[in-house]
Ligand code: FPP
């Protein structure tokens, strides 16, 4: 069988709170343990030659959580960005973000800029953090930008197709994920990359994010490799195209 190339994996890191509760710990402890896992999984992705890894770290809706949890998550983010900078530089991993980062607390924003700047030259491997991200908000933002271009006579209505829309998404320079993983047994997208996952494969596991280790990540990749992606075509067409390659 021809090895299926995988360039981009996106992960919904769910179950930190339930993991903590199952251990009699505070929810924030679950998030803290979750951050440790980020490091492991990013390293594994790099080792497997996966060029892009996107992590849903904070959704646009997560601001509605109790204030103490939001503050705790923002502190964890700031600490992660600061402490991980050296490691990302050493491993030559570029840090990118999707989402409206202008709304993040100043301290986190500062560390974000520093880490992005320090890693900007590394394009082979990319860690993308979704921060204050929501797919519907991303679409609203894109539609406004396109409307502006029409009003400014930079494009006409008939020019609008998906390639024009894509140019205005946070992910304009990032390939669509071939695989989306969601941990903790939930089966939904929760406003994550709704357009970019049109043809993605999905992998759901009951394991809570703090326990989703490198081996579990490899299992997800193996599951992907055994699948046939048809993009609306028939299985025969796909097989013939593979033989031709
Ligand atoms: C979902 O678990 C997880 C989140 C809302 C945040 C994910 C954040 C981290 C892993 C830490 C921050 C990340 C970085 C990169 C610094 P949940 O709290 O919804 O779990 P539950 O459904 O069991 O309550």
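Hey, any hits in segment 112-129 for a residue that's near the ligand (Cβ under 10 Å from one of its atoms), in contact with a strand residue (DSSP E or B) (Cβ under 8 Å, 6 or more places away or on another chain) and in contact (Cβ under 8 Å) with a residue 24 or more places away in the chain? Outline the logic, then answer.
Taking segment 112-129 and keeping what is near the ligand (Cβ under 10 Å from one of its atoms), we get 127, 129.
Now drop any that are not in contact with a strand residue (DSSP E or B) (Cβ under 8 Å, 6 or more places away or on another chain), which leaves 127, 129.
Going one step further and asking which of them are in contact (Cβ under 8 Å) with a residue 24 or more places away in the chain, we end up with 127, 129.
Yes, that holds for at least one residue.
Answer yes or no as to whether residue 206 is under 30 Å from residue 30 (Cα atoms), in a loop (DSSP other than H, G, I, E, B) and within 16 Å of the ligand (Cβ to nearest atom).
Values: under 30 Å from residue 30 (Cα atoms): yes; in a loop (DSSP other than H, G, I, E, B): yes; within 16 Å of the ligand (Cβ to nearest atom): yes.
Considered against the rule, which asks whether it is under 30 Å from residue 30 (Cα atoms), in a loop (DSSP other than H, G, I, E, B) and within 16 Å of the ligand (Cβ to nearest atom), residue 206 comes out as yes.
Which numbered condition in (1) modelled with pLDDT of 95 or more; (2) within 10 Å of the ligand (Cβ to nearest atom); (3) more than 26 Å from residue 136 (Cα to Cα) is the only one that residue 37 fails?
Every condition holds for residue 37 apart from (1).
Considering only segment 141-169, how many residues are within 16 Å of residue 194 (Cβ to Cβ) and surrounded by 11 or more Cβ atoms within 10 Å (Cβ to Cβ)? It would help to see each step written out before you state the result.
If we filter segment 141-169 for residues that are within 16 Å of residue 194 (Cβ to Cβ), which is where we start, we get 141-143, 162, 165-166, 168-169.
Still in the running and surrounded by 11 or more Cβ atoms within 10 Å (Cβ to Cβ): 141-143, 165-166, 168-169.
Final tally of qualifying residues: 7.
Would you be able to tell me the number of residues in segment 64-104 that are assigned to a loop (DSSP other than H, G, I, E, B) and either in contact (Cβ under 8 Å) with a residue 24 or more places away in the chain or more than 13 Å from the ligand (Cβ to nearest atom) (or both)?
First, the residues of segment 64-104 that are assigned to a loop (DSSP other than H, G, I, E, B): 65-66, 92, 99-100, 104.
From what's left, either in contact (Cβ under 8 Å) with a residue 24 or more places away in the chain or more than 13 Å from the ligand (Cβ to nearest atom) (or both): 92, 99-100, 104.
Selection size over segment 64-104: 4.
Residue under question is residue 42, and the condition is that it be within 12 Å of the ligand (Cβ to nearest atom), in a helix (DSSP H, G or I) and in contact with a strand residue (DSSP E or B) (Cβ under 6 Å, 6 or more places away or on another chain); does it hold? Reasoning before the result, please.
On the way: within 12 Å of the ligand (Cβ to nearest atom): yes; in a helix (DSSP H, G or I): yes; in contact with a strand residue (DSSP E or B) (Cβ under 6 Å, 6 or more places away or on another chain): yes.
Taking the combined requirement at face value, the residue satisfies it.
Is it the case that some residue within segment 45-56 is within 13 Å of the ligand (Cβ to nearest atom) and without any contact (Cβ under 8 Å) to a residue 60 or more places away in the chain? So that I can check it myself, show each step before the final result.
Applying the first criterion (within 13 Å of the ligand (Cβ to nearest atom)) to segment 45-56 yields 53-56.
Filter once more, so that each one left must be without any contact (Cβ under 8 Å) to a residue 60 or more places away in the chain: none.
Taking every residue of segment 45-56 in turn, none turns out to be within 13 Å of the ligand (Cβ to nearest atom) and without any contact (Cβ under 8 Å) to a residue 60 or more places away in the chain.
Mind counting the residues in segment 130-148 that are in contact (Cβ under 8 Å) with a residue 60 or more places away in the chain, more than 16 Å from the ligand (Cβ to nearest atom) and touching a helix residue (DSSP H, G or I) at 6+ places or on another chain (Cβ under 9 Å)?
Here the count works out to 0.
With respect to the numbered conditions (1) closer than 20 Å to residue 84 by Cβ; (2) surrounded by 18 or more Cβ atoms within 10 Å (Cβ to Cβ), which one is the sole condition not fulfilled by residue 39?
Checking residue 39 against (1) closer than 20 Å to residue 84 by Cβ; (2) surrounded by 18 or more Cβ atoms within 10 Å (Cβ to Cβ), the one that fails is (2).
Against the definition (surrounded by 14 or more Cβ atoms within 10 Å (Cβ to Cβ), more than 16 Å from the ligand (Cβ to nearest atom) and under 23 Å from residue 33 (Cβ atoms)), how does residue 221 come out, yes or no? Let's see the steps before the verdict.
Working: surrounded by 14 or more Cβ atoms within 10 Å (Cβ to Cβ): yes; more than 16 Å from the ligand (Cβ to nearest atom): yes; under 23 Å from residue 33 (Cβ atoms): yes.
So residue 221 passes the test.
What are the residues in segment 13-34 that are more than 6 Å from the ligand (Cβ to nearest atom), part of a helix (DSSP H, G or I) and out of contact with any helix residue (DSSP H, G or I) (no Cβ under 7 Å at 6 or more places or on another chain), if any?
Residues satisfying the conditions are 21, 22.
Taking the residues in segment 193-204 that are out of contact with any strand residue (DSSP E or B) (no Cβ under 7 Å at 6 or more places or on another chain) and touching a residue at least 24 places away in the same chain (Cβ under 8 Å) as candidates, determine which candidate is nearest to residue 171 (Cα to Cα). Full working, then the answer.
Going residue by residue through segment 193-204, those that are out of contact with any strand residue (DSSP E or B) (no Cβ under 7 Å at 6 or more places or on another chain) are 194-196, 198-199.
From the residues that got through so far, the ones that are touching a residue at least 24 places away in the same chain (Cβ under 8 Å) too are 194-196, 199.
Details: 194: 12, 195: 10, 196: 8, 199: 15 Å.
Looking at the filtered set, the residue picked out is 196.
The values are calculated or read from the model by the stated rules, or taken from the named source; none is laboratory data. Keep in mind that this is a model prediction, so the values were computed, not measured. FYI the Cβ positions are ideal-geometry reconstructions off the backbone, even for glycines, and counts take in every protein chain you see.
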